[in-house]
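**Q** What follows is a single structure, and I will ask about it in a moment.
The values are calculated or read from the model by the stated rules, or taken from the named source; none is laboratory data. Only a predicted model underlies this, so the values are computations on that prediction, with no experimental measurement involved. Cβ: placed from backbone, ideal geometry, glycine included. Neighbour counts: every protein chain shown. The protein model used for the area step is the full one, side chains on, heavy atoms only, and it has no ligands, DNA or RNA in it. Shrake-Rupley method; radii C 1.70, N 1.55, O 1.52, S 1.80 Å.
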Amino acid sequence: MQHNPFTEANMPESDIQLSLQVHSSMQTIDKNQWDRLIRDNTPFLKHAFLSAMETHGCVSDRFGWIPHHITLSYQDKIIAGMPLYEKHNNYGEFVFDQAWEQAWHQVGLSYYPKLVSAVPYTPAQGQRFLIDAEVDFISQEKLLDTLIQATQSLATEWDMSSVHILFAETDQQHQIEELALPDFYFRHDCQFHWFNQEFETFNDFLASLKRKKRKNIKQERQSILNNGITFRVLNGHTATDQDWEIFDFFYQKTFIEKWSTPTFNLGFFKAIAKALPDQIVLVLADRENECIAGALMFESDTVLYGRHWGCAENIKHLHFETCFYQGIDYAIKKGLRVFEPGAGGEHKIARGFVPVKMRSTHWVKDNPFPEGLANFIRQERQMIDDYADDCLAHIPYQTRPKTF
């Protein structure tokens, strides 16, 4: 739908006529124009990925993710965009704000709905502001500021409590903070990522570790071999319908056993395999001609992303091999710079992953607790800093690895 809160008089640059549109579906956005704004070939921002989630019911009123994607156009050409959702819960965000919701409730205010810019169920860093790098008649900063103003205008018009920009890539997070906009808060968190030190083989990676840690990984991998387990690493071209049916079973089983809600489904997995075949990395573990576990990963031009895993039976070290060691080996062979295996998990440290500080941006429309929220943010940041420093002291490398 057309929605333009900016008149010619209050446009960021009054002589530039930009058209702002809010879309309730990716289907109303031109695929090629959207995708050309994506850097590093990031799969989660692709039109096909976001569209498949909508088409197959992975985002909807049912799950509390309602699309309101933004595009900015100049003379019918999209020059900026933003994935955006109306949220009625915090499921699938991985930036937890239950304490905020409770505080709002205690003073009789509604915390939901809110607006969130993120990729649903995907705690991976990436662009949140898709901006045409070749535009020369308006600055990148002005376009970013315009997109932010648009989210604020929508939140105000639709009586939403707040706007949240989650897991923005580091450069864009810096740009947001440098704008020094009023009533913005920046939360901190920690993940664990693996960084390629120009390794040529998995053994090169092992050689960079302390002796005890190297020995432990070798023992874990050997135990999988001793169990007669082998692995197939497939993409969208080579994975069969049966492979996807098996993986979907693993995925559903994992969520149900954790008393959680599986939002993806077989239709979605098959759709993205067809649409993004070269960016799919499906790791399947076999024993005696039976598939017993699987992990789904995705790759950009430089990053491997671990996303989902499941198994038919619990075998010691199978999770580490399927989700971590197979991923590290794949990243080394493909020359990928970083492996982001997902949120959480101190057990990743011993397997070569190092702490990485993450930030997210939050704008509150009517803040009943300005001092309390500022104190919460400050204390949380200090806690995350201390936690990351402690984790860094336990990394398994002989020398501290280079990060990017």
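**Q** Using DSSP, restrict attention to beta bridges with both residues in the range 285-376 and report what percent are antiparallel, rounded to the nearest 5.
**A** Of those bridges, close to 75 percent are antiparallel.
**Q** By the scheme Lys and Arg +1, Asp and Glu -1, what is the net charge of all other residues having a beta-carbon under 15 Å from that of L373?
**A** -1
**Q** Taking the solvent-accessible surface of protein heavy atoms with a 1.4 Å probe, what is the per residue accessible area of the chain in Å²?
**A** Numbers: 18250 Å² over 404 residues.
Heavy-atom accessible area per residue stands at 45 Å².
**Q** Also, quick follow-up: Of the listed pairs K31/K77; K46/K348; K215/K348; K213/K357; K210/K402; K316/K348, which have alpha-carbon separations greater than 18 Å here?
**A** From the list (K31/K77; K46/K348; K215/K348; K213/K357; K210/K402; K316/K348), the Cα-Cα distance tops 18 Å for K46/K348; K213/K357.
**Q** Also, quick follow-up: Report, to the nearest 10°, how far helix 266-275 tilts away from the longest principal axis of the Cα atoms in the chain, using its own Cα long axis and a range of 0 to 90°.
**A** For 266-275 against the chain, the angle is about 80 degrees.
**Q** If you take the charge dipole of the chain about its Cα centre, with +1 on Lys and Arg Cβ and -1 on Asp and Glu Cβ, which of S223, H88, C190 is farthest toward its positive end?
**A** So the residue we want is S223.
**Q** Let me spell out the model: positive unit charges on the Cβ of Lys and Arg, negative unit charges on the Cβ of Asp and Glu, origin at the Cα centre of the chain. What dipole size does that give, in debye rounded to 20?
**A** Dipole size: approximately 1740 debye.
**Q** Nearest 10 degrees is fine. How inclined is helix 140-157 to the longest principal axis of the chain, computing both from alpha carbons?
**A** Taking Cα atoms only, the helix is inclined about 70 degrees.
**Q** Another question, if that's okay. Add -39500 (n - 2.57) for each DSSP H run of 4 or more in the chain, then divide by its residues: what number comes out at 222 nm, to the nearest 500 deg cm²/dmol?
**A** -10000 deg cm²/dmol
**Q** Name the long-range amide H neighbours of Y397: under 5 Å, sequence gap of 5 or more, or other chain; modelled H, no Pro or chain starts.
**A** K210
**Q** Placing +1 at every Lys and Arg Cβ and -1 at every Asp and Glu Cβ, with all other atoms neutral, what dipole size does the range 237-371 have around its Cα centre, in debye to the nearest 20?
**A** My answer is approximately 460 debye.
**Q** Rank these residues by their accessible area, most exposed first, probe 1.4 Å: K213, K348, K316.
**A** K316, K213, K348
**Q** Could you rank the peptides 273-283, 106-116 by their average count of other C-beta atoms within 10 Å per residue, with the highest value first?
**A** Result, highest mean first: 273-283, 106-116.
**Q** Further question on the same structure: Over what distance in Å are the Cα centres of the range 328-368 and the range 53-112 separated?
**A** One Cα centre to the other: 22 Å.
**Q** A further question follows. Can you tell me how the range 244-358 classifies by the Cα gyration tensor, rounded, prolate or oblate, using a/c under 1.5 as the rounded cut?
**A** It comes out rounded by the Cα gyration axes.
**Q** In the range 241-310, which GluC sites (Glu not before Pro) fall in coil by DSSP and have 10 or fewer other Cβ atoms within 10 Å? Numbers along the way, then the final one.
**A** Details: sites: E245, E257, E288, E290, E299; in loops: E288.
Within the range 241-310, the qualifying GluC sites (Glu not before Pro) (loop, at most 10 other Cβ atoms within 10 Å) are E288.
**Q** Let me ask something additional. So, with a 1.4 angstrom probe, what is the percent of accessible area on the range 248-339 that is carbon and sulfur? Walk me through the numbers before you get to the answer.
**A** Numbers: 1890 of 3740 Å².
Solvent-exposed carbon and sulfur of the range 248-339 make up 50 percent of the total.
**Q** So for the range 77-182: antiparallel DSSP bridges make up what percent, rounded to the nearest 5? It would help to have the intermediate numbers written out before the result.
**A** Details: 5 of 9 bridges.
Restricted to the range 77-182, the bridges split so that about 55 percent are antiparallel.
**Q** How large is the dipole of the range 259-318 about the Cα centre if only Lys and Arg carry +1 and Asp and Glu carry -1, each at its Cβ, rounded to the nearest 20 debye?
**A** Values: 5 positive and 7 negative charges, 39 e Å.
That gives a dipole near 180 debye.
**Q** Of the peptides 145-156, 54-65, how do they stack up when ordered by the mean number of other Cβ atoms within 10 Å, highest first?
**A** Values: 145-156: 19.5, 54-65: 17.2.
Final packing ranking: 145-156, 54-65.
**Q** Excluding residues on the same chain fewer than 8 positions from K333, give the aspartates and glutamates whose Cα lies under 14 Å from its Cα.
**A** List returned: E198, E200, D204, E299, D301.
**Q** May I pose another question? Angle, helix 241-257 long axis vs. longest principal axis of the chain, Cα atoms, 0 to 90°, nearest 10?
**A** Taking the Cα atoms of the chain, the angle to 241-257 is about 80 degrees.
**Q** Still on this model: Leaving ligands and nucleic acids out of the surface, order I328, I256 by accessible area at 1.4 Å, largest first. Display every interim value, and only then the final one.
**A** Values: I328 0, I256 105 Å².
Reading off the accessible areas and sorting them downward yields I256, I328.
**Q** Among T261, T122, T238, what's the order by accessible area (1.4 angstrom probe), most exposed first?
**A** Order by accessible area, largest first: T238, T261, T122.
**Q** Considering only F376, F268, F250, give the residue with the highest GNM mean-square fluctuation for the chain, with springs between Cα atoms whenever their separation is below 10 Å.
**A** Taking springs between Cα atoms under 10 Å, the residue moving most is F376.
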